[in-house]
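The values are calculated or read from the model by the stated rules, or taken from the named source; none is laboratory data. Worth saying up front: this structure is predicted, and the values here are computed from it rather than measured. Neighbour counts are summed over all protein chains in view; Cβ atoms, including those assigned to glycine, are modelled from backbone coordinates with ideal geometry. To get the accessible areas, we keep the full protein, side chains included, count just its heavy atoms, and leave off ligands, DNA and RNA. Shrake-Rupley method; radii C 1.70, N 1.55, O 1.52, S 1.80 Å.
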Amino acid sequence: MEIPSKEPCGLSQDLTLPSSSSSSHAPTTTPRLVYGTAWKKNATADLVYKALKCGFRGIDTAAQPRHYQERLVGDGVRRAVAEGLVTRAELYLQTKFTSIHGQDPDDLPYDPRAPIEEQVRASVASSLENLTIPPSPSSREGGDDNSYLDCVVLHSPLPTLEETVAAWQALEEYVPHRIRHLGIANAPQEIIGYLLSPPPSDEELAVRVPPSVVQNRFHRETGYETSLRRLCRDRGVVFQTFWTLTGNGHLVKKSDIVGGLADSVPGGGVSRETAFYALVLGLRGTSILDGTTSEEHMRADLEGIKRIERWADGKGKDMWEDMLNSFKRLIQEE
């Protein structure tokens, strides 16, 4: 029998990324809901601006024109900053290096004939150009250093371990100043385990900066990444879920647990989608990529999570604990 936690549920509390021992910067935090910008095409800038206006403070993109418009992400962020809706220091900006295997061969941010290390450097340079925020006019002598990225994610492992490590080592060159943290996406536990604890005997395959973020799909076919998420929690790594709603329609629409939570929140309840997000966030150490294109849903998701949190930390505490434990059993959480 599980014992209800006496700690606050913390559904809207930012997560702190692991710090590099060589970093003198303030700790980096990530919001629990991060706005995902894939597939937004020409609407990207407007949607990013709307997301920031609604209260999102984390943005995920990629230097991959096939699925993302990174320059337009920057345009949306710069508009919000210029209007005083948010400052660069309040934002978590995350982008990705995508190898040639995930790119449109006719639209690349680097020369595909170049060595992997040069591809990485060209990609990072384009990301910094696309996403850098001009210094605030009110800053003394314009001295704000906004030319950094909070996290750059290796979009997926390359075909071999050697190539994967070569790309990772090239990204490490920028940490902790131009890039604060590194992450990896679409990766099996074996690769993530290697990056977290590389064998000390092989200098050519050495890893200096372990991942702070792992971004993988969250769905039934991968067992909801139970083992990998446990590894991430043990190492303080943030697990970012994506495909969270799309891959779990059977739970979002039909689960009594999700429906019960949605109906139990005072003030008219919340949507089943927001209730499902809350249960995933309740697994600890997780954040979610939220890619809605509806301004109404942007506000509803952010406000709904806070409403569930207030209820779960108050009169609904026992019911929340029961529902969360039932959800864990449903997805076979260990």
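For the chain, build the charge dipole from Cβ charges (+1 Lys, Arg; -1 Asp, Glu) around the Cα centre, then report which of Gln189, Ala170, Cys54 sits farthest towards its positive end.
Selected residue: Cys54.
Given the options Val120, Thr87, Gln103, identify the residue whose Cα lies farthest towards the positive end of the charge dipole of the range 22-181 (+1 on Cβ of Lys, Arg; -1 on Cβ of Asp, Glu).
The residue sitting farthest along the positive end of the dipole is Thr87.
Taking θ as phi - 60°, what are the ³J(HN,Hα) couplings along the range 186-196 by the Karplus curve (6.51, -1.76, 1.60), each to the nearest whole Hz, with x for Gly and Pro?
Each residue of the range 186-196 in turn: 6, 10, x, 4, 4, 5, 5, x, 5, 5, 7 Hz.
Taking the Cα centre of the range 130-269 as origin, sum charge times position over the Cβ atoms of Lys and Arg (+1) and Asp and Glu (-1), and report the length of that vector in debye to the nearest 20.
With only Lys, Arg, Asp and Glu charged at Cβ, the dipole is about 660 debye.
In whole Hz, with x marking every Gly and Pro, tabulate ³J(HN,Hα) for the range 250-259 from phi via Karplus 6.51 cos²θ - 1.76 cosθ + 1.60, θ = phi - 60°.
Rounded to whole hertz, the list is 5, 7, 4, 8, 10, 5, 5, 5, 4, x.
Could you run the Karplus curve 6.51 cos²θ - 1.76 cosθ + 1.60 with θ = phi - 60° over the range 321-334 and give me ³J(HN,Hα) per residue in whole Hz, x for Gly and Pro?
For the range 321-334, the Karplus-derived couplings read 4, 5, 5, 5, 5, 5, 5, 4, 5, 4, 9, 6, 5, 8 Hz, x marking Gly and Pro.
Can you order the peptides 106-119, 284-297 by their average number of other Cβ atoms within 10 Å per residue, highest first?
284-297, 106-119
Measuring with a 1.4 Å probe in the full set of protein chains, what accessible area per residue, in whole Å², belongs to the range 1-100?
Roughly 47 Å² per residue, with all protein chains present.
Amide H to amide H under 5 Å from Val153: which residues, 5+ apart in sequence or cross-chain, H placed 1.01 Å off N in plane?
Amide H to amide H, under 5 Å and 5 or more residues apart or across chains, Val153 pairs with Thr95, Lys96, Phe97, Gly183.
What is the projected area of the convex hull of the Cα atoms of the range 92-216, averaged over all directions, in nm²?
8.7
Evaluate E = 1/(1 + (r/R0)^6) for Arg329 and Arg113, where r is the Cβ-Cβ distance and R0 equals 51 Å; express this FRET efficiency to the nearest 0.05.
Once rounded, the FRET efficiency stands at 0.45.
Looking at the chain, what % of its DSSP beta bridges pair antiparallel, to the nearest 5?
Expressed as a percentage, antiparallel bridges in the chain total about 10.
Give the carbon-plus-sulfur fraction of the accessible surface of the chain in %, rounded to a whole number; probe 1.4 Å, heavy atoms of protein chains only.
Roughly 49 percent, rounded to a whole number.
Return the long-range amide H neighbours of Val207 (sequence gap of 5 or more, or a different chain), with a cut-off of under 5 Å between placed amide H atoms.
Close amide H contacts, sequence-distant or interchain: none at all.
Going by Cα centres, the range 18-95 and the range 97-113 are how many Å apart?
Here the answer is 22 Å between Cα centres.
Would you mind checking the pairs Lys50/Lys96; Lys50/Lys306; Lys254/Lys306; Lys40/Lys317 and listing those with alpha carbons more than 27 angstrom apart?
Going by Cα-Cα distance, Lys40/Lys317 fall outside the 27 Å limit.
Once amide H atoms are built 1.01 Å from N in the peptide plane, which residues 5 or more positions from Gln215, or in another chain, come under 5 Å H to H?
Ile184, Ala185, Asn186, Gln240
So, with +1 on the Cβ of K and R and -1 on the Cβ of D and E, and no other charges, what is the size of the charge dipole of the chain about its Cα centre, to the nearest 20 debye?
For this selection, approximately 960 debye.
Picking from Phe218, Leu205, Leu279, whose Cα lies most toward the positive end of the charge dipole for the range 184-284 (charges on Cβ: Lys, Arg +1; Asp, Glu -1)?
Among Phe218, Leu205, Leu279, the one farthest towards the positive end of the dipole of the range 184-284 is Leu279.
Suppose only helical runs count, i.e. DSSP H with n ≥ 4. What mean residue ellipticity at 222 nm does that imply for the chain under -39500 (n - 2.57) per run, divided by all residues and rounded to the nearest 500 deg cm²/dmol?
Computed ellipticity for the chain at 222 nm equals -11500 deg cm²/dmol.
Taking a probe of 1.4 Å, how large is the accessible area per residue of the range 183-334, in Å²?
Each residue of the range 183-334 exposes 46 Å² on average to a 1.4 Å probe.
Provide the gained length on full extension for the span Asp104 to Asn186, in nm with one decimal, where the gain is 0.36 nm per separating residue minus the Cα-Cα distance.
27.7 nm
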